[in-house]
Each structure stands twice: as structure tokens, then as C-alpha cells.
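Visitor: The structure under discussion is supplied below as C-alpha cells; questions concerning it will follow.
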Amino acid sequence: MKSYRKELWFEVPARRGFVNITPQVIEALRTSGVQEGLCLVNAMHITASVFINDDEPGLHQDFETWLEKLAPEKPYSQYHHNTAEDNADAHLKRQVMGREVVVAITKGKLDFGPWEQIFYGEFDGKRRKRVMIKIIGE
Amino acid sequence: MKSYRKELWFEVPARRGFVNITPQVIEALRTSGVQEGLCLVNAMHITASVFINDDEPGLHQDFETWLEKLAPEKPYSQYHHNTAEDNADAHLKRQVMGREVVVAITKGKLDFGPWEQIFYGEFDGKRRKRVMIKIIGE
Amino acid sequence: MKSYRKELWFEVPARRGFVNITPQVIEALRTSGVQEGLCLVNAMHITASVFINDDEPGLHQDFETWLEKLAPEKPYSQYHHNTAEDNADAHLKRQVMGREVVVAITKGKLDFGPWEQIFYGEFDGKRRKRVMIKIIGE
């Protein structure tokens with residue numbers, strides 16, 4: 001069994017944003033040499049997500065509006081977590097969007113259906129944060 | 001390490017619906033011959049889910065009502081994504097329900113607790129769509 | 001390829017509660033002897049979650065309040081599932097929080113970013129319930 005690990009680093013300039021990381025995951029898979037296996041991609045922070053959905057700017061605006069409706073950032077005082085912090089909403093938003101994805105690897109490629117793209121979802125940005133790619137297989 | 005891949009195809013006749021795919025996953029596992037490992041089951045479309053919950057029709061009605069409350073289908077004009085499309089709500093609903101499940105394989109069986117059943121959740125149906133089963137192990 | 005399986009049992013005394021299970025997962029990983037691989041941790045019940053977030057009591061209060069807003073327990077009669085049962089809300093809450101996490105194993109350790117802790121989320125407690133840990137790798 002082969003295993004391969006790579007970190008991706010980001011500094012999203014706004015509090016929230018979505019970054020398409022599919023090219024970096026494809027590159028990591030190529031480097032790993034794994035032909036058949038599983039590829040785990042996860043946020044390494046608890047105020048961020050990794051998820052698979054559409055690379056369509058209108059949809060990303062809809063995600064932003066929707067997540068703000070489900071778990072509003074403000075008023076900060078509505079959350080018990082916001083004493084020394086102001087990011088409780090980011091912890092909630094990340095639960096809706098998920099921490100990680102697991103993608104099948106077949107014949108050396110991410111085994112995707114149509115339109116599947118992997119995103120880093122930042123909900124508490126303006127600082128350097130990480131995603132991990134872990135690949136296992138043969 | 002063994003690996004096995006199978007696609008399941010569906011055409012749900014309504015816009016939304018839930019299909020119990022546990023028997024097909026069990027059959028795929030049997031065919032794979034894997035005794036110990038992991039089984040990934042994921043939607044191959046970004047307007048559909050794979051999730052594990054109860055096979056109880058009342059609960060499925062509750063899921064439908066609840067998801068419509070969290071991310072209503074209409075009015076279509078409330079979503080930026082709905083210019084050429086009308087399925088923004090399906091992209092949101094799928095985030096709540098999830099893209100994939102990973103199930104442990106032990107002694108050649110899906111290692112489930114009581115009542116766990118695997119479902120395909122369709123949120124933009126009336127066309128042929130796919131689920132992938134990827135099994136790795138020994 | 002090595003594989004290792006362990007069940008953790010809980011009886012949360014209230015209907016809802018969060019239990020940090022990171023120490024037990026670390027102990028299982030140590031016992032498994034796996035150095036490189038994947039660690040699946042999943043609820044074995046469909047009214048409970050396993051998720052990764054912050055071990056901060058204020059945030060856990062926020063999760064409780066937020067989940068009750070998204071999928072209220074009462075009135076029980078609002079859910080079709082609640083005929084012989086009263087736990088439809090628990091099935092919904094578990095979808096928001098997720099069934100499982102998959103964690104990378106690197107050099108014999110859970111490959112975590114800062115503050116990542118694994119929790120069992122109980123939404124229908126007062127009885128004995130289980131979590132599974134399944135580790136595969138080398």
C-alpha cells in the first residue's frame with residue numbers, strides 16, 4: 001500500500017470565500033502515483049470546509065446568502081462561543097458544508113461524475129489556513 | 001490490496017425522492033470479495049446525496065418538508081444560480097444531506113449498527129443519474 | 001494491509017449531549033499499530049453523529065440552540081415519523097452534524113490541524129449506544 005500526504009495553504013482575504021482546489025488535488029494524485037485507492041481531502045481548521053459542488057459563481061453567492069440565513073455572523077453576542085472569539089457562526093457553517101470529502105481513485109484519476117469540483121470553504125479567513133490531502137492505495 | 005468499482009444508475013420519476021440502495025451495495029461488496037476494508041458510496045452528481053438513515057416513509061416525508069423549509073425550491077428567482085437552471089435548491093439540499101458515506105467492511109459485511117440503511121437522495125430528478133461504489137481492502 | 005475495529009459504548013444521561021472521544025480514538029490507533037492509513041469513526045445509530053469541531057462548552061451550547069432552531073424537538077406532532085416514536089428531530093439533527101469522520105493517519109498519529117477534536121453527538125440519549133472505529137493501513 002502506498003500513502004501520500006500533502007498540505008495546501010490558503011489566505012483568503014475576506015472572512016468568507018470559496019476556492020476551487022481541484023487542480024491541486026489532481027496534481028497531488030499524479031505525484032502520489034496511486035492508481036486505485038481513496039483520496040481524503042479535509043480542512044485542518046474547524047472554521048472551514050472542504051466540499052464538492054459546482055464551480056458556478058451564482059451558486060457560490062447563493063451558498064453565502066443561505067449560510068448567513070442558517071447561521072448568521074451577527075450579532076456576535078447571540079453566541080455563547082463569542083466571548084474572546086467572534087467566529088461561532090463559522091463553526092456552525094462548517095457543519096452544514098462538511099469537513100472533508102473522500103474521492104475514489106480509479107486508473108490514476110479522481111473518479112468524478114459530471115461537474116464535481118472540490119472546494120475549500122473559508123468561513124473565518126484573513127489568515128493562513130490549511131487543507132490536507134491524504135491518498136492511500138496502490 | 002483489492003479494489004472494486006461499480007456504478008448504480010437511477011431515474012427518479014419526480015424532482016425529489018429517496019431510494020434505498022443497501023441491497024445493491026451489499027451485492028457489490030459480495031462481488032468484490034473484500035473481507036476487511038472501506039466502502040465509499042457517493043453521488044456522482046452535485047444535486048444528489050448519498051446518506052445513511054432510517055428506511056421509514058414518515059421520516060422521508062419529514063426530510064422532504066424539512067429540506068424545503070431550509071432550502072425552498074421556489075420561487076426560482078430567489079437564487080443567483082437559477083438563470084439557465086432552476087435547481088439551486090438541489091445544490092443546497094445536497095449539502096445538508098451529504099455527498100457520500102464511508103462504511104467499514106468487517107468479515108466481508110457492511111459493519112452496520114441497528115437500522116442503518118444507505119439511501120440515494122435525489123433533489124433534481126426526472127433524468128438518469130449515477131452513484132459510485134468504490135471498495136478497497138483485502 | 002492491517003485493519004482494526006473497535007466499538008465505543010455510551011449512555012448519555014440526557015436526550016442530547018456531546019462527548020469528546022478523541023482520547024479513545026488515539027488509544028485505538030495506538031493499539032492498531034497502523035502508521036499510515038485512514039481512520040473511520042462513525043455513529044452506529046441513526047439518531048447520533050460523529051463530527052470534528054472545537055472542545056469549547058460555549059460552542060456546544062450554541063450547537064444545541066442552533067440545532068433546536070433548525071430541527072426542533074417539539075411539538076412531536078409536527079413530524080410524520082413520530083407515531084410510535086418521538087425522535088424525528090434527532091434523525092434530522094444528525095444529518096446536519098454528520099454520521100462519520102475520516103481522519104488521516106500519518107507516522108502513527110491522527111493527522112490533525114489545530115483544535116480538531118472528535119465528538120460523539122447524541123440526539124436521542126438515555127440509552128446505550130455505539131460508535132465504531134475502523135482503521136486500515138500499514
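Visitor: In square nanometres, what is the average projected area of the Cα convex hull of the stretch B:18-138? Walk me through the intermediate numbers first.
Guide: Values: hull surface 32.0 nm².
Projected area, direction-averaged: 8.0 nm².
Visitor: Given R₀ = 22 Å, FRET efficiency for C:Q61-C:E11 by Cβ-Cβ distance, to 0.05?
Guide: Once the sixth-power term is evaluated, E becomes 0.50.
Visitor: A further question on this structure: In percent, how large is the relative contact order of chain A, given Cα pairs closer than 8 Å and 6 or more residues apart?
Guide: 55
Visitor: How large is the charge dipole for the protein assembly as shown, taken about the Cα centre, if only the Cβ atoms of Lys, Arg (+1) and Asp, Glu (-1) carry charge, to the nearest 20 debye?
Guide: I would put it at about 1120 debye.
Visitor: Rounded to whole Å, give me the distance from the Cα center of the stretch A:46-82 to that of the stretch B:16-81.
Guide: What the calculation gives is 22 Å, centre to centre.
Visitor: A follow-up question, please. Count, for each residue of A:27-39, the Cβ atoms from other chains sitting within 10 Å of its Cβ, then give me the mean as a whole number.
Guide: On the way: counts 0, 0, 0, 0, 0, 0, 0, 0, 1, 7, 5, 11, 0.
Mean partner-chain Cβ count within 10 Å for A:27-39: 2.
Visitor: While we're here: Which value, in debye to the nearest 20, gives the size of the charge dipole of chain A about its Cα centre, when Lys and Arg are +1 and Asp and Glu are -1 at the Cβ?
Guide: The dipole of chain A has a size of about 520 debye.
Visitor: My understanding is that a pair violates if its Cα-Cα distance is over 28 Å; which of C:K6/C:K126; B:K93/C:K6; A:K6/B:K126 do that in this structure?
Guide: The answer is B:K93/C:K6; A:K6/B:K126.
Visitor: In Å², rounded to the nearest 100, what is the total accessible surface buried by chains C and A against each other with a 1.4 Å probe?
Guide: 2600
Visitor: Between A:E68 and A:W115, with labels modelled 7 Å along Cα→Cβ, what's the label distance in nm to one decimal, could you check?
Guide: 2.4
Visitor: By how many degrees, 0 to 90 and rounded to 10, does the Cα axis of helix C:88-97 deviate from the longest principal axis of chain C?
Guide: The two axes meet at around 40 degrees.
Visitor: Further, regarding this structure: For B:M44, tell me the accessible area in Å² from a 1.4 Å probe, rounded to the nearest 10.
Guide: Accessible area of B:M44: about 0 Å².
Visitor: Under a 1.4 angstrom probe, counting protein chains only, how are A:V101, B:V19 ranked by accessible area, largest first?
Guide: B:V19, A:V101
Visitor: Go through the stretch C:79-117 and name the trypsin sites (Lys or Arg not before Pro) that are in a DSSP coil and have 13 or fewer other Cβ atoms within 10 Å of their Cβ.
Guide: C:K107
Visitor: Same structure again: How well do other chains shield peptide B:52-62, expressed as the mean number of their Cβ atoms within 10 Å of each residue Cβ?
Guide: The per-residue average across the peptide is 6.
Visitor: Find, to one decimal place in angstroms, the Kirkwood hydrodynamic radius of the stretch B:20-63, where the mean of 1/r is taken over every pair of different Cα atoms and then inverted.
Guide: Answer for the stretch B:20-63: a Kirkwood hydrodynamic radius of 12.6 Å.
Visitor: For A:W9, C:W115, give me the order by solvent-accessible area with a 1.4 Å probe, most accessible first, ignoring ligands, DNA and RNA.
Guide: C:W115, A:W9
Visitor: Across the residues of A:97-110, average count of Cβ atoms on other protein chains within 10 Å?
Guide: 5
Visitor: In degrees between 0 and 90, to the nearest 10, how far off the longest principal axis of chain B does helix B:57-70 point, with axes built from Cα atoms?
Guide: 50
Visitor: In a Gaussian network model over chain B where Cα atoms closer than 10 Å are linked, find which of B:T22, B:T47, B:T65 has the largest mean-square fluctuation.
Guide: Largest GNM mean-square fluctuation: B:T65.
Visitor: Pop the C-beta distance of A:E138 and C:R130 into the FRET formula with R0 = 41 Å and round what comes out to the nearest 0.05.
Guide: 0.80
Visitor: Connecting C-alpha atoms closer than 10 Å in a GNM of chain B, tell me which of B:P72, B:P57, B:P13 has the biggest fluctuation.
Guide: B:P57
Visitor: Picking from B:Q35, B:M97, A:G125, whose Cα lies most toward the positive end of the charge dipole for the protein assembly as shown (charges on Cβ: Lys, Arg +1; Asp, Glu -1)?
Guide: B:Q35
The values are calculated or read from the model by the stated rules, or taken from the named source; none is laboratory data. Bear in mind that the values here come from a model prediction, so they are computed numbers and not experimental data. Don't worry about glycine lacking a Cβ; one is built from the backbone with ideal geometry, like all the others, and counts go over all protein chains shown. What goes into the accessible areas is simple: the full protein's heavy atoms, side chains included, and nothing from ligands, DNA or RNA. Shrake-Rupley method; radii C 1.70, N 1.55, O 1.52, S 1.80 Å.
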